[in-house]
Each structure stands twice: as C-alpha cells, then as structure tokens.
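Student: Dropping the structure in here first, questions after.
The values are calculated or read from the model by the stated rules, or taken from the named source; none is laboratory data. Please read these numbers as outputs of a predicted model, since none were measured by experiment. Cβ sites come from the backbone with ideal geometry, for glycine too, and all protein chains shown count toward neighbours. With ligands, DNA and RNA removed, areas are computed over all heavy atoms of the protein, side chains included. Shrake-Rupley method; radii C 1.70, N 1.55, O 1.52, S 1.80 Å.
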Amino acid sequence: GWRSQPGMLGLRFTVRPEHTWLADGSADWVWQGAARHGLPVMISCPGALPIIDDLAARHPGVKFVIDHLALIRTKDAPAFADLPKLLALARHPNVAAKASALPCFSSEAYPYRNIHGHIRQVFDAFGPRRMFWGTDLTRLPCSYRQAVTMFTEELPWLGGTDLAWVMGRGVCEWLGWALSA
C-alpha cells in the first residue's frame, strides 16, 4: 500500500561505504520488495558507487536513482573524483542519475561553468531519459531560478526534447508520476 499514500512514489536512502548491509545481503528483502511493488529507490551514496554497481546488477528489477551524482562533499574537480564510477553505472538500464545540488560543488559563481563539462559527461552516459535535474533547494548557494536556468539557458548543448526529459519528464516517467494533460 506504500504507493497508495499521497506523495509516495518510491524509497530514498542515504548510505555510506561502511554500511555493510548494502553488500552483505541483509537488505535484499528491501530490494526484492521494491522490485515486486515497482518502487524506485533514490539513493544518496557518496563514496559507495561500487556497492551500488553490485546492487544494480543483482537487482535488475529495481530502478535506482543516484542522488547528487554521488558527489563527494567538496568543490570543483575533487567533488567529481568518483565521476568515472558513476558513468560506469550507466551500463545498467535500471540506474539513473539525478543532477541535483550541483551549484554546491562549485567554487565559481553562477553559472558555474567549471562543472558544465561534468554535467555533459553524465548526460552523454545516461542520456536524457535517465539524467534528471534537481535542486536540493535547502542548501543551494544560488536562487531557485539560477538552479533552473543553469540547465535551461547555460548549457548550449541541452535543448528541445532532451531538455524536457532532463527537466522533469524523465523523472516523472521513471517514478511512475503521472503528468497532467
């Protein structure tokens, strides 16, 4: 009955590499239940991408969304140190990436040009239907409008239907969130 509750579209976990329950099988009942009931799992997992790789392979019926691109809480290139591990997850059709809170990971001012190349790499790996825009508004160093326009106006390679997928259509489809007509 989880999804019958207003606003309940899936599950969300915050994990760290030392959380052994991710890899030792003791949480398999969660992933099996998520698959059985069609519950996507959003997971914030900086430093734990190899564990997520294993989970995605062992539980192909679970749709995983990697929150904040699994970035490490620092700024600029060091924040993106695990980006190759994230990009490798794109080979799993049950894994998507949420490009949220990205301004927090740049020491530059809006439009945060020093992270645009990283965003492009994620887009190229996951495509517009599996890379989702997001904000994490509570901790942004910019306005909500700037968080939006960084994607809608400052990434010249992102436009048309690809932009529509990234800016909301893709996550709605992934989560089974019906779009209004």
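Student: Relative to the longest principal axis of the chain, what angle (0 to 90°, nearest 10) does the C-alpha long axis of helix 28-37 take?
Tutor: On a 0 to 90 degree scale, this one is about 80.
Student: Roughly how many Å² is the accessible area per residue of the chain, as a whole number, for a 1.4 Å probe? Working shown, then result.
Tutor: Details: 8770 Å² over 181 residues.
Per-residue accessible area for the chain comes out at 48 Å².
Student: Within region 117-176, what whole-number % of the accessible surface is contributed by carbon and sulfur, with the 1.4 Å probe and all protein chains included in the calculation?
Tutor: On the way: 1440 of 2850 Å².
Ligands and nucleic acids excluded, carbon and sulfur give 51 percent.
Student: Here's a follow-up. Could you work out how far apart the two model spin labels at residue 27 and residue 124 are, taking each label as a point 7 Å from the Cα in the direction of the beta carbon, and quote it in nm?
Tutor: The modelled label-to-label distance comes out at 3.2 nm.
Student: Next up: What aspartates and glutamates could a cross-link reach from residue 98, if we take a straight Cα to Cα line under 12 Å and drop same-chain neighbours fewer than 8 places away?
Tutor: Candidates past the 8-residue exclusion: 67, 136.
Student: List the residues whose amide H sits under 5 Å from the amide H of residue 13, counting only those 5 or more places along or on another chain, with H placed 1.01 Å from N in the peptide plane.
Tutor: Result for residue 13 returns 42, 43, 44.
Student: Mind listing the phi-derived Karplus ³J(HN,Hα) values for region 157-171, rounded to whole Hz, using 6.51, -1.76 and 1.60 with θ = phi - 60°, and x for any glycine or proline?
Tutor: Along region 157-171, the couplings run 7, 10, x, x, 5, 4, 4, 4, 5, 5, 7, x, 4, x, 5 Hz.
Student: If you add up the charges near residue 2, with Lys and Arg at +1 and Asp and Glu at -1, over every other residue whose beta carbon is less than 14 angstrom from its beta carbon, what do you get? Write out the running numbers ahead of the final one.
Tutor: Working: positive: 3, 12, 36; negative: none.
Within the 14 Å Cβ shell, the charges total +3.
Student: Given labels modelled 7 Å from the Cα in the Cβ direction, how far is it in nm from residue 37 to residue 143?
Tutor: Going from the residue 37 label point to the residue 143 one covers 4.1 nm.
Student: Of the listed peptides 158-169, 62-73, 44-55, what is their order by residue-averaged count of other C-beta atoms within 10 Å, with the highest listed first?
Tutor: Working: 158-169: 15.6, 62-73: 22.1, 44-55: 19.5.
The most tightly packed comes first, giving 62-73, 44-55, 158-169.
Student: From the phi angles alone, apply the Karplus equation (6.51, -1.76, 1.60; θ = phi - 60°) to region 47-59 and give each ³J(HN,Hα) in whole Hz, x where the residue is Gly or Pro.
Tutor: Calculated HN-Hα couplings, in order: x, 10, 4, x, 5, 5, 4, 5, 4, 4, 6, 6, 10 Hz.
Student: Collect residues whose amide H, placed 1.01 Å from N in the peptide plane, falls under 5 Å from the amide H of residue 131; neighbours closer than 5 in sequence don't count.
Tutor: For residue 131, the qualifying residues are 97.
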